[in-house]
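Structure first, then comments.
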Amino acid sequence: MLKRLSLFTLVFTLFSAGAAAQKKPPEQNDRIVLEQILTQTYQPSQVGKQLMGIGGETDIRRAGTIVVIQRPGLYGSLLHTEPASSAIDGLQYKLFRGHQDYEVPAGERYYVTAVAVGSDTILVALISARSISTQAGTGRMWTTLSFKFPANVLATADKETVFREFDQWLMPEGRATSATPAAAPPAPAMTAYPAAAPAAAPQPVTAPRPAPPSESSLTPGMNREQILQTMGKPDREIQFEQRQWMIYPGFVATLKDNKLESFETSGSGATKVTVQSDPPGAEIYLDEQFVGSTPSILSVAPGKHAFRLHAAGRADWSRQLNLQAGSDITLAATLDKN
């Protein structure tokens, strides 16, 4: 009977123990505190069908932390009822349950779906950030890790020891620099939130360019007509929703509601792109490279980029955009049924 308990039943059982925390011994209270710390660090995503049964069991309803697998040895399963479950003790690992549909390489990206602290183990449940094709089929992969710890580590909420152990196997995207997928093409200059740190800004070109205007030339609040009188006609003007960009040689003036908001040297800042979709959970491809699932916030290098959203049973949605430095845009896509 115990072997038939689902992952979510196990997580719910461990989590429910917190309701009686005040009646538990001190070490149990510390385990509850440790679980809260881990849940805040590895924010679980909401996965599965929405109300009224809309969507699929692998749809990402709310995106949380993405982690990057740091070493090989793990497996994924296409069945969420039988995830590939591995016992981890230091650098030792052993698959003890579930299907071996996919051998997970270092660099594979996963959403965290649950974290639960027991008496001497910590359970981390994962689902792959992308659909993966295998001989058994195509879909997101379900993986769970059961980390073994000395009982006193968990009883005293020794989070530093736990984090060191976790970092050997999985690390939040943005901090993960050692593991990269084998034979993967170069990634675009972007990062997905709620990851920790954005990717480094692109190196400025070395060709000489006119110096940007001084503060005495342009001041926040100036309207378009005043900017034209001060700087003359720009090379190009781009407008998207309430924002407008006046592109001059060497710098870009950003206006919001016809008022100057900022100006900066061309290419010196990333563009914040919020990507949403109906239904949520669509895969996001930036310049044909997978970068996450909706909803997500991306930080993308200025310039021309292609966005494509893909979801099973839906027609792809795509847009070509020329992103301006320092801009902030939202892409809201409706994916029609095939």
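The values are calculated or read from the model by the stated rules, or taken from the named source; none is laboratory data. In this text, all values refer to a predicted model and were calculated from it rather than measured experimentally. So basically every Cβ, Gly included, is an ideal-geometry build from the backbone, and we count neighbours across all protein chains shown. Just the protein is used for accessible areas: all its heavy atoms, side chains included, with ligands, DNA and RNA removed. Shrake-Rupley method; radii C 1.70, N 1.55, O 1.52, S 1.80 Å.
Restricting to segment 45-60, and then to whatever is open to solvent by less than 30 Å² (accessible area, probe 1.4 Å) and assigned to a loop (DSSP other than H, G, I, E, B), can you tell me which residue is modelled with the lowest pLDDT? Selected residue: G56.
Of all the numbered requirements in (1) surrounded by 23 or more Cβ atoms within 10 Å (Cβ to Cβ); (2) assigned to a loop (DSSP other than H, G, I, E, B), Y111 misses one, and that requirement is (2). Take T330 and tell me if it is assigned to a strand (DSSP E or B), within 13 Å of the chain's Cα centre (by Cα) and under 27 Å from T254 (Cα atoms). Here the answer is no, as T330 does not meet what is asked. Taking segment 75-104 as the range and being assigned to a loop (DSSP other than H, G, I, E, B) and either buried (at least 17 other Cβ atoms within 10 Å of the Cβ) or in contact with a Gly (Cβ under 6 Å, 6 or more places away or on another chain) (or both) as the test, the residues that pass are L78, H80, E82, P83, G98, H99, D101.
Is it the case that A151 is open to solvent by 10 Å² or more (accessible area, probe 1.4 Å) and aliphatic (A, V, I, L, M)? For A151, the condition - open to solvent by 10 Å² or more (accessible area, probe 1.4 Å) and aliphatic (A, V, I, L, M) - is met. Quick check on segment 316-324. Is at least one of its residues out of contact with any Cys (no Cβ under 9 Å at 6 or more places or on another chain), at pLDDT below 85 and buried (at least 16 other Cβ atoms within 10 Å of the Cβ)? Yes, there is a match, as at least one residue in segment 316-324 is out of contact with any Cys (no Cβ under 9 Å at 6 or more places or on another chain), at pLDDT below 85 and buried (at least 16 other Cβ atoms within 10 Å of the Cβ).
Filter segment 114-131 for residues that are outside any strand (DSSP E or B), more than 25 Å from A282 (Cα to Cα) and either open to solvent by less than 20 Å² (accessible area, probe 1.4 Å) or aliphatic (A, V, I, L, M) (or both) and give the result. Listed by number, the list holds a single entry, G118.
Matching residues to (1) open to solvent by less than 40 Å² (accessible area, probe 1.4 Å); (2) in contact with a Cys (Cβ under 8 Å, 6 or more places away or on another chain); (3) among the basic types (K, R); (4) modelled with pLDDT of 90 or more:
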| site | (1), (2), (3), (4) |
| --- | --- |
| R140 | yes, no, yes, yes |
| E165 | yes, no, no, yes |
| R175 | no, no, yes, no |
| P185 | no, no, no, no |
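In segment 238-259, the residues that are among the polar types (S, T, N, Q) reach residues that are outside any strand (DSSP E or B) and modelled with pLDDT of 75 or more with C-beta atoms within less than 6 angstrom, at least six apart or across chains, in these pairs: Q242/D257; N258/N223; N258/R224. Considering the conditions (1) open to solvent by 10 Å² or more (accessible area, probe 1.4 Å); (2) within 14 Å of the chain's Cα centre (by Cα); (3) under 29 Å from P150 (Cβ atoms), Y42 is excluded by exactly one of them, (1).
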